[in-house]
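The values are calculated or read from the model by the stated rules, or taken from the named source; none is laboratory data. Computed from a prediction, not measured in an experiment: that's the story for all the values here. Methodologically, a virtual Cβ is constructed for each residue, glycine included, from the backbone with ideal geometry; neighbour enumeration extends over all protein chains shown.
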Amino acid sequence: MSQDLLYQQSAAELAPALERLARSYEADPEKRRDLLQEIHLALWRSFAGFNAQCSVRTWVYRVAHNVAASHVLKHRRMNARPLVSLDDIESLPEPRDAEAAADRLKTLDRLYALIRQLKPIEREVITLYLEGVDAASIGEITGISPGNAATKIHRIKKILASRFREGGPDGR
Amino acid sequence: MADDVLDLWRNQKTEGFQMTTVEIRKRVMEFEKTSRRNLFDVYLACACIVLVMAAFFATFPNALQRAGAVLIMVSFGWLAVQARRTRTKKAPAGELGNTASLDFLRAELSRRRDVLRSPRPLINALIFTPGYLLFFAGFAASNPKHVPFFYFQLVTFAVVILLIVPLNRRVAGRYERELAELEKLG
């Protein structure tokens, strides 16, 4: 299949997922648009070297996350708040705002804010989990061991359950 | 509740951002044009400095200033050659897709750490030092009332040179710690 055709098909299928990915890595709308463009360009370029080494979906997610991780490294300020792991997120205090918790849009904003605090690999695992990618594929895309992937998914489920309980963190 | 979050995530409104292959090819050409233009700008800047130094050489009779001007011209000529050599080489087409994220991140962090640990930034700064010192020493000798300015320049330059290595090492240390954390994930 040609480079153009591969790109068109995968972009059509995964465009919404790529937008959600870009929003997970970049809060600023202008920079997010640039990142998204960069991802699409890299994807098209990359398909010149695609020889069915893996599934197209795995390929697309790898390219997208690798470009996004480079973006984070490039724009990171040395004195910025350090990124945290899933273990650290669990122990961070949750903002107390029951009204905001009831609003679905605000819930989404809180979810993105939580994701953006995470280190690159953990950010990738949580976004892939939210996209419905199974643990084995997450391991293939990220390169982490199956055991580590399963542990992280378990932590993610726990965090989502505790932080995004219906009615807010207090269950109200 | 976790299922609600999954539904919320997957059903959120997106902008429908897509690019046609025509748009992509156009953007690729624009990037390549910008990259060539950036290199041209470096050449132009170096050429301007060389011309200015050549004018100083022709204008000022002071031997120290002339020697300094020649060395500065040679340094900027060398800089122009290096600019072409260090232009970021394009990675092979499939590299981003062939490389799992953990390996990609390791390679990227290692590259950044190695650049910071390399003596190259210090060597680059020191290459300019003799010409810079001679030129301003000659300037101070011809204009005694500007000697304090010369010493100020000297001290500023020395502070910058002395800070380069420890600052770079500090940032390299941060990358090293991140690499160590990644080792646990493989």
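Please specify each residue of region A:28-62 satisfying the condition of being within 8 Å of another protein chain (Cβ to nearest Cβ), of a type in the set (Lys, Arg) and either in contact (Cβ under 8 Å) with a residue 24 or more places away in the chain or more than 20 Å from B:Gln12 (Cβ to Cβ) (or both).
Across region A:28-62, the qualifying residues are A:Arg45, A:Arg62.
If only one of B:Val28, B:Val22, B:Val50, B:Val81 is in contact (Cβ under 8 Å) with a residue 24 or more places away in the chain and not charged (D, E, K, R), which one is it?
Numbers: B:Val28 fails: in contact (Cβ under 8 Å) with a residue 24 or more places away in the chain; B:Val22 fails: in contact (Cβ under 8 Å) with a residue 24 or more places away in the chain; B:Val81 fails: in contact (Cβ under 8 Å) with a residue 24 or more places away in the chain.
Within the list B:Val28, B:Val22, B:Val50, B:Val81, the selection yields B:Val50.
Modelled with pLDDT of 85 or more, out of contact with any His (no Cβ under 6 Å at 6 or more places or on another chain) and either of a type in the set (Lys, Arg) or more than 22 Å from B:Arg174 (Cα to Cα) (or both): which single residue out of A:Leu105, A:Leu92, A:Leu118, A:Leu114 fits that description?
Working: A:Leu105 fails: modelled with pLDDT of 85 or more; A:Leu92 fails: modelled with pLDDT of 85 or more; A:Leu118 fails: either of a type in the set (Lys, Arg) or more than 22 Å from B:Arg174 (Cα to Cα) (or both).
From the options A:Leu105, A:Leu92, A:Leu118, A:Leu114, the qualifying one is A:Leu114.
Does A:Ala100 qualify as being at pLDDT below 90, of a type in the set (A, V, I, L, M, F, W, C), in a helix (DSSP H, G or I) and surrounded by 13 or more Cβ atoms within 10 Å (Cβ to Cβ)? Full working, then the answer.
Values: at pLDDT below 90: yes; of a type in the set (A, V, I, L, M, F, W, C): yes; in a helix (DSSP H, G or I): yes; surrounded by 13 or more Cβ atoms within 10 Å (Cβ to Cβ): yes.
Judged against the criteria, A:Ala100 is a match.
Examine region A:14-27 for a residue that is at negative phi, more than 10 Å from chain B (Cβ to nearest Cβ) and in a loop (DSSP other than H, G, I, E, B), and state whether such a residue exists.
Yes, that holds for at least one residue.
List every residue pair whose Cβ atoms lie under 6 Å apart, where the two residues are 6 or more positions apart in sequence or sit on different chains, the first residue falls within region A:132-147 and is free of Cβ contacts under 8 Å to residues at least 40 places away in the same chain, and the second residue, located anywhere, is surrounded by fewer than 18 Cβ atoms within 10 Å (Cβ to Cβ).
Short answer, once both residue conditions are applied: A:Ala135/A:Ala150; A:Gly139/A:Pro146; A:Gly143/B:Asp103.
So, in region A:1-13, how many residues would count as being within 8 Å of another protein chain (Cβ to nearest Cβ) and not hydroxyl-bearing (Ser, Thr, Tyr)?
Qualifying residue count, region A:1-13: 4.
Return the residues of region B:22-53 that are closer than 30 Å to B:Gln65 by Cβ and more than 16 Å from the chain's Cα centre (by Cα); say none if nothing qualifies.
B:Leu44, B:Ala47, B:Cys48, B:Ile49, B:Val50, B:Leu51, B:Val52, B:Met53
Could you look through region B:55-68, keep only residues that are surrounded by 14 or more Cβ atoms within 10 Å (Cβ to Cβ) and in a helix (DSSP H, G or I), and pick out the one that is nearest to the other protein chains (Cβ to nearest Cβ)?
B:Gly68
Output the residue which, of all residues in region B:6-52 that are of a type in the set (S, T, N, Q) and in a loop (DSSP other than H, G, I, E, B), is farthest from A:Arg23 (Cα to Cα).
Checked region B:6-52; the qualifying residue farthest from A:Arg23 (Cα to Cα) is B:Thr20.
In region B:120-160, what residues are loosely packed, with under 15 Cβ neighbours inside 10 Å and among the β-branched types (Val, Ile, Thr)?
If the condition is that a residue be loosely packed, with under 15 Cβ neighbours inside 10 Å and among the β-branched types (Val, Ile, Thr), then B:Ile123, B:Thr129, B:Val147, B:Val155, B:Thr156, B:Val159, B:Val160 are the ones that fit.
In region A:134-155, which residue that is aliphatic (A, V, I, L, M) and surrounded by 22 or more Cβ atoms within 10 Å (Cβ to Cβ) is nearest to the other protein chains (Cβ to nearest Cβ)?
Only one residue fits best here, namely A:Ile144.
What do you reckon, is B:Leu44 surrounded by fewer than 13 Cβ atoms within 10 Å (Cβ to Cβ), modelled with pLDDT of 90 or more and away from chain A (no Cβ under 14 Å)?
yes
Have a look at A:His75, A:His65 and point out the one that is closer than 30 Å to B:Arg177 by Cβ, modelled with pLDDT of 80 or more and either over 14 Å from the mean Cα position of the chain (by Cα) or more than 10 Å from every other protein chain (Cβ to nearest Cβ) (or both). I'd like the intermediate steps shown before the answer.
Details: A:His65 fails: either over 14 Å from the mean Cα position of the chain (by Cα) or more than 10 Å from every other protein chain (Cβ to nearest Cβ) (or both).
When all the criteria are applied, what remains is A:His75.
Just one of A:Gly139, A:Gly143, A:Gly147 is at pLDDT below 90 and small (Gly, Ala, Ser); which is it?
A:Gly147
Output yes when any residue across region B:123-133 is within 14 Å of chain A (Cβ to nearest Cβ) and within 17 Å of the chain's Cα centre (by Cα), and no when none is.
no
Return yes or no: is A:Tyr25 closer than 24 Å to B:Leu179 by Cβ and either modelled with pLDDT of 90 or more or buried (at least 17 other Cβ atoms within 10 Å of the Cβ) (or both)?
yes
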